[in-house]
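Accompanying notes for the structure given below.
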Amino acid sequence: MITLSIIKADTGGYVGHSAVHPAMMAEARREIERAKGSSLIIDGRVASCGDDVSLIMTHVYGPDAGLIHSFAWDTFQATTRIARELGLYGAGQDLLSDAFSGNLRGMGPGYAELEFEERPSEPVICFLADKTEPGAWNLPLYKIFADPFNTAGLVIDEKMHAGFAFEVYDLFEDKRIVFDCPADLYDMLMYIGAPARYVVHGVHSKTLGHPAAATSTQRLSLIAGKYVGKDDPVMIVRCQSGLPAVGEVLEPFAFPHTVAGAMRGSHHMPLLPVAVADAHTTRFDGPPRVVALGFQVHEGRLVGPRDLFDDPAFDRARAQANEMADYFRRHGPFEPHRLPLEDLEYTTMSELTRRLGHRWTPITTEVATPA
Ligand code: 13P
Ligand code: 13P
Ligand code: MG
Ligand code: MG
Ligand code: MG
Ligand code: MG
């Protein structure tokens, strides 16, 4: 068995929240090379989307392994030191704890991990997004693993026809449930259609019994109890041979669906699929972006990546996303561009309630008639 882990954190932005500084990337790459040299990991890559650094690693220790998580923690401390030296924005932003204890759960960094028996050919896609939250994967995961209009294999591949099991977390109550799809589809959609609260954490093939997908499902604001930016998510999806084909996994991103995030983590905007060269945020601290890094995993080695959205086939999605961004922006401070009050990451409401409370008087049924 091998484990593919993506562990990510925002340890400082260059400029503002827009990108990661090259010196931080170089430092993370040095750490990954050292970890390979000492055989802690089999292989590793460093990638970024917006201001978040992702460590993509293969190893034999399984998910939630202390050795791997503490290596990632130390690496993020090292990139934070560089961010401090350069005065970058929000240095150490996602490192919410002072000391490492056991694993990264509840400490700020996000992670998606899949443990599996490597197949003779093992195509995987690592998705990295910035300026949004883990629930942003709900719609694409539904389309990839449950929608026959997206994924032809659900209808015509014997190994996919029985469907997939979705593990969904309730982030507010710290509970989980497994939906057996397609039988439970309508029940599941009632929940995952509310992605601020219900998030698909993983998907399993019912026929093969294999894990097929994993997401980073943490919610920073619930961990920290205050605004600390969005928990810009990552996701791993395995492909082919009884799992969705690479093209079926990419297909949902041809529709730039609307996600929560962008400016101050508090707005709806379309999710823009981009090449690695465009994986930084600009307009209104967005639009939220996603990159897709394709690998063949072989004997634990990461053969790749291929930059899968670096392709004219996604130009239409990008054009549509830009039109949608114009449309949303023109709403300014109005919903549904601005998030509903309970989902705002920044708010002046408690201060306003204190200051204006006495000016709010009961609405009486009596109409005052002029004398
Ligand atoms: P596999 O069953 O070999 O994965 O074939 C599916 C495919 O690649 C069609 O696009
Ligand atoms: P990040 O979570 O990417 O740091 O974004 C913070 C923000 O508020 C952007 O406007
Ligand atoms: Mg940031
Ligand atoms: Mg970010
Ligand atoms: Mg963030
Ligand atoms: Mg860039």
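The values are calculated or read from the model by the stated rules, or taken from the named source; none is laboratory data. Please read these numbers as outputs of a predicted model, since none were measured by experiment. Cβ placement follows ideal geometry from the backbone for every residue including glycine, while neighbour counts extend to all protein chains displayed.
Descriptive notes on the structure:
- Among the residues making up the range 87-145, those that are closer than 25 Å to Asp307 by Cβ and charged (D, E, K, R) are Asp94, Glu113, Glu118, Arg119, Glu122, Asp130, Lys131, Glu133, Lys143.
- Candidate set from the range 228-269 (those that are buried (at least 20 other Cβ atoms within 10 Å of the Cβ) and at positive phi); member that is modelled with the lowest pLDDT: Gly229
- The number of residues in the range 257-297 being closer than 29 Å to Asp43 by Cβ, of a type in the set (Phe, Trp, Tyr) and within 16 Å of ligand 4 (Cβ to nearest atom) comes to 0.
- Contacts under 6 angstrom Cβ, first residue in the range 84-102 being closer than 23 Å to Gly50 by Cα, partner more than 12 Å from ligand 5 (Cβ to nearest atom) and of a type in the set (Ser, Thr, Tyr), 6 or more apart: Leu88/Tyr14; Ala91/Thr80; Gly92/Thr80
- Selection from the range 134-158 of residues that are within 16 Å of ligand 2 (Cβ to nearest atom) and either over 19 Å from Leu293 (Cα atoms) or assigned by TED's automatic domain parsing to the domain that holds Ala91 (or both): Gly135
- Scanning the range 33-56 for residues that are out of contact with any Ser or Thr (no Cβ under 7 Å at 6 or more places or on another chain) and surrounded by fewer than 21 Cβ atoms within 10 Å (Cβ to Cβ) returns Glu33, Arg34, Lys36, Gly37, Ser38, Ser39, Leu40, Arg45.
- When the range 81-112 is filtered for residues that are in a helix (DSSP H, G or I) and surrounded by fewer than 22 Cβ atoms within 10 Å (Cβ to Cβ), the ones remaining, listed by number, are Arg81, Ile82, Arg84, Glu85.
- Positions within the range 331-362 being among the aliphatic types (A, V, I, L, M) and at pLDDT 90 or above, in sequence order: Leu339, Leu341, Leu352, Leu356
- For the range 8-32, the set of residues classified as charged (D, E, K, R) and surrounded by fewer than 24 Cβ atoms within 10 Å (Cβ to Cβ) consists of Glu27, Arg29, Arg30, Glu31, listed by residue number.
- Residue ranges of strands (runs of 3 or more DSSP E) in the range 1-76 with at least 2 members of a type in the set (D, E, K, R): 43-49
- Residue satisfying condition, being closer than 18 Å to Val124 by Cα and touching a Cys at 6+ places or on another chain (Cβ under 8 Å), within set Ser54, Ser48: Ser54
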